[in-house]
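A short write-up of the structure that comes next.
The values are calculated or read from the model by the stated rules, or taken from the named source; none is laboratory data. All of these numbers come straight from a predicted model, not from anything done at the bench. Neighbour counts are summed over all protein chains in view; Cβ atoms, including those assigned to glycine, are modelled from backbone coordinates with ideal geometry. Surface areas here come from the heavy atoms of the whole protein model, side chains and all, with no ligands, DNA or RNA. Shrake-Rupley method; radii C 1.70, N 1.55, O 1.52, S 1.80 Å.
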Amino acid sequence: MSEAIRVYFTGECDGFEALCGALDETGEIVVVGSSTEVAGAAAPLAGGHLDCIVHATRAASFPAAEVAAIREHTRAPVILVASGSEAAGMLEQALEMDVADVLLLPQLTHNVVFAIRKAAHVRRQLQTTAHRGRVITVFSPKGGTGKTVVSTNLATLLAKRDGMRTLLLDLDLQFGDAAIALGVEPDKTIYDLVVAPGELDSEKLAGYVCKHKCGLDILAAPLRPEDAELVIESKVIALLEVARSSYDAIVVDTSPFFHGPMLATLDRTDELLVLCGLDVPTLKNVRLALQTLEMLSFPAGRIRYVMNRTNANVGLSTREVEAGLKVKVGFELPTDRAVQLAVNRGEAVVLSEPRSEFSKGIAAIAKQVAPATPPAKKVERKRLLSFARA
Ligand SMILES: Nc1ncnc2c1ncn2[C@@H]1O[C@H](COP(=O)(O)OP(=O)(O)OP(=O)(O)O)[C@@H](O)[C@H]1O
Ligand SMILES: [Mg+2]
């Protein structure tokens with residue numbers, strides 16, 4: 001069965017409310033939500049994994065500002081809906097401005113469903129033909145749960161063992177320490193990237209990453225906490241789009257907050273690793289975070305739960321946590337002295353102690369969240385083997 005088409009409604013015009021209700025009743029699309037004001041829909045637009053936005057307007061000419069406001073949050077296709085014949089004149093400008101379609105009301109419901117399906121299909125086609133690295137986001141709603149340890153080691157393993165072009169992106173924008181955890185002192189950071197003039201492309205991105213000796217690229221967090229506020233959502237959207245075309249995997253370290261850049265990242269996340277711990281305050285926050293993810297309509301199938309420090313005897317077990325949160329923990333990582341030692345030496349545990357239980361746990365995560373070898377590399381290796389045998 002094809003994946004459900006997730007739609008969000010914004011704006012207003014005569015007949016739009018009735019249309020939204022009729023579309024919802026068809027059962028052919030999933031209505032994620034609606035808001036008459038684009039400004040009031042920032043969170044679901046950015047984090048809702050939307051396939052299409054249907055925006056209604058009362059403007060007589062092309063509503064450039066309204067479309068731009070939507071584009072601040074999402075690259076999903078936009079279909080404009082308007083009532084009144086003067087709106088017919090918007091079509092040309094709309095198509096020039098990257099709007100998928102313009103529909104004048106009244107319309108038969110199935111015509112609108114058809115337009116939505118078409119717009120969503122074209123976008124999915126484009127996404128599957130373009131190179132698209134996997135975005136793996138490591139999140140926990142509590143500080144100190146192990147986000148940085150997990151993201152740095154996962155990224156290192158993907159780059160070193162699997163030879164994947166991997167970017168470690170530190171979105172713990174105020175106090176990020178992913179580069180330091182791997183012994184890299186960044187000379188440029190995401191802050192320098194976002195304040196640099198000009199359009200972002202792969203070449204420009206390459207100029208701002210730091211290289212780790214294992215082959216991993218790191219885009220470090222700003223050096224000063226106050227610089228974090230310049231790393232706004234729209235910059236992170238552009239960054240992730242470019243990174244996906246340049247890398248096979250983008251591993252994102254995060255802070256324990258759902259701020260704008262985090263919502264933009266969630267919208268582009270293929271695998272969300274939620275870190276849990278065996279303590280009640282962390283579990284309370286995980287429960288709240290899951291409610292927020294549900295509110296944002298983040299697809300539950302993309303969430304994997306990782307229990308960190310499992311061997312600690314603290315009167316709470318992974319099974320009890322599973323029962324309490326009503327989720328299945330996919331991976332368990334033990335407390336391992338090697339982790340602390342490696343962090344203090346600025347090393348990745350997966351390189352310094354690859355046989356440790358912690359490293360084995362990271363390898364299990366890597367196997368699930370990112371395919372071992374990108375197809376292009378497999379072909380290359382096959383060719384080399386047949387060449388060696390000849
Ligand atoms: N499985 C583990 N075994 C031993 N030590 C661990 C383990 N997981 C994390 N630690 C230690 O716990 C500390 C906190 O981990 P880490 O910095 O990865 O957490 P974080 O979630 O990124 O924190 P913050 O929210 O402050 O960024 C580190 O010193 C790390 O070495
Ligand atoms: Mg951290």
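Beyond a 31 Å Cα-Cα separation, which of these cross-linked pairs lie in this structure: LYS211/LYS235; LYS204/LYS328; LYS211/LYS367; LYS118/LYS160; LYS211/LYS360? The partial results should precede the final answer.
Working: LYS211/LYS235 22 Å; LYS204/LYS328 41 Å; LYS211/LYS367 24 Å; LYS118/LYS160 41 Å; LYS211/LYS360 25 Å.
Listed pairs above 31 Å: LYS204/LYS328; LYS118/LYS160.
Going by amide H atoms built from the backbone, whose H comes under 5 Å of the H on ASP14, apart from near neighbours?
Those qualifying (amide H under 5 Å, at least 5 residues apart or on another chain) are SER83.
In degrees from 0 to 90, rounded to the nearest 10, what is the angle of the helix 147-160 Cα long axis to the longest principal axis of the chain?
In the chain, helix 147-160 runs at an angle near 80 degrees to the longest axis.
From the phi of every residue in region 167-182, what ³J(HN,Hα) in whole Hz does the Karplus formula 6.51 cos²θ - 1.76 cosθ + 1.60 yield, where θ is phi - 60° and glycine or proline is x?
Computed from phi, the couplings for region 167-182 are 10, 9, 10, 8, 9, 7, 5, 8, 10, x, 9, 5, 5, 4, 4, 9 Hz.
Tell me, what are the semi-axes, in whole angstrom and largest first, of the equivalent ellipsoid of region 222-281 as set by the roots of 5 times the Cα gyration tensor eigenvalues? If you can, show how the numbers build up before the last one.
Details: eigenvalues 95, 62, 21 Å².
For region 222-281, the semi-axes come out at 22, 18, 10 Å.
At q = 0.24 Å⁻¹, what is the log10 ratio I(q)/I(0) for region 312-372, with the Debye formula run over Cα points and no solvent?
-1.00
Using only DSSP helix segments of four residues or longer, with each worth -39500 (n - 2.57), what per-residue ellipticity at 222 nm results for the chain after dividing by its residue count and rounding to 500? Kindly include the intermediate steps, with their values, before the conclusion.
On the way: 17 runs with 168 residues, N = 390.
The per-residue figure over the chain is -12500 deg cm²/dmol.
In the full protein assembly as shown, how much of ARG132 is accessible to a 1.4 Å probe, in Å² to the nearest 10?
100 Å²
Report the gain in length on full extension from THR109 to ILE232: 0.36 nm times residue separation, minus Cα-Cα distance, nm rounded to one decimal. Intermediate results must be reported in sequence, preceding the final value.
Values: separation 123, 0.36 × 123 = 44.28 nm, distance 3.76 nm.
Extending this stretch completely gives an extra 40.5 nm.
Please list the equivalent ellipsoid semi-axes of the chain, computed as the square roots of five times the alpha-carbon gyration tensor eigenvalues, in descending order and whole angstrom.
Working: eigenvalues 315, 117, 85 Å².
One finds semi-axes of 40, 24, 21 Å for the chain.
What translational diffusion coefficient, in µm²/s and rounded to a whole number, does the Stokes-Einstein relation yield for region 82-166 at 37 °C and a viscosity of 0.692 mPa s, taking the hydrodynamic radius as the Kirkwood radius over Cα pairs?
188 µm²/s
Bin width 10 Å, alpha-carbon pairs only: give the P(r) of region 22-75 as whole percents, running from 0 to the bin holding the largest distance.
Answer for region 22-75: a P(r) of 22, 51, 26, 1 percent.
Pop out the carbon and sulfur fraction of the accessible area of region 102-210 as a percent, whole number, probe 1.4 Å.
Numbers: 2630 of 4970 Å².
That share works out to 53 percent.
Based on the Kirkwood radius over alpha-carbon pairs, what is the Stokes-Einstein translational diffusion coefficient of region 1-160 at 10 °C with 1.306 mPa s viscosity, in µm²/s?
Working: Rh = 17.4 Å.
Value of D from the Cα-based Kirkwood radius: 91 µm²/s.
Across region 207-215, in residue order, what do the Karplus-derived ³J(HN,Hα) couplings come to in whole Hz, using 6.51 cos²θ - 1.76 cosθ + 1.60 with θ = phi - 60° and x for Gly and Pro?
Taking θ as phi minus 60°, the curve returns x, 10, 8, 9, 9, 9, 4, 7, x Hz for region 207-215.
Given the Cα atoms of region 179-242, and with Rh set as the inverse mean 1/r over their pairs in the Kirkwood sense, what is Rg to Rh to two decimals?
Working: Rg = 11.7 Å, Rh = 12.2 Å.
Reported Rg/Rh, Kirkwood definition of Rh: 0.95.
Just to verify a number: FRET efficiency for ARG337 and LYS204, C-beta to C-beta distance, R0 = 41 Å, to 0.05? Present the calculation step by step, with values, prior to reporting the outcome.
Details: r = 41 Å, r/R0 = 1.01.
The pair ARG337/LYS204 has a calculated efficiency of 0.50.
Averaging over all projection directions, find the projected area of the Cα convex hull of region 213-255 and quote it in nm² with one decimal place. Mind dumping the intermediate values first?
Details: hull surface 15.4 nm².
Across all orientations, region 213-255 yields a mean hull projection of 3.9 nm².
Just the number: Rg to Rh for region 222-346, Cα atoms, Kirkwood Rh, two decimals. Please list the in-between numbers first.
On the way: Rg = 16.6 Å, Rh = 16.6 Å.
That ratio equals 1.00.
Given R₀ = 22 Å, FRET efficiency for ASN344-ASP279 by Cβ-Cβ distance, to 0.05? Write down the numbers at each step before the final one.
On the way: r = 23 Å, r/R0 = 1.05.
So the FRET efficiency works out to roughly 0.45.
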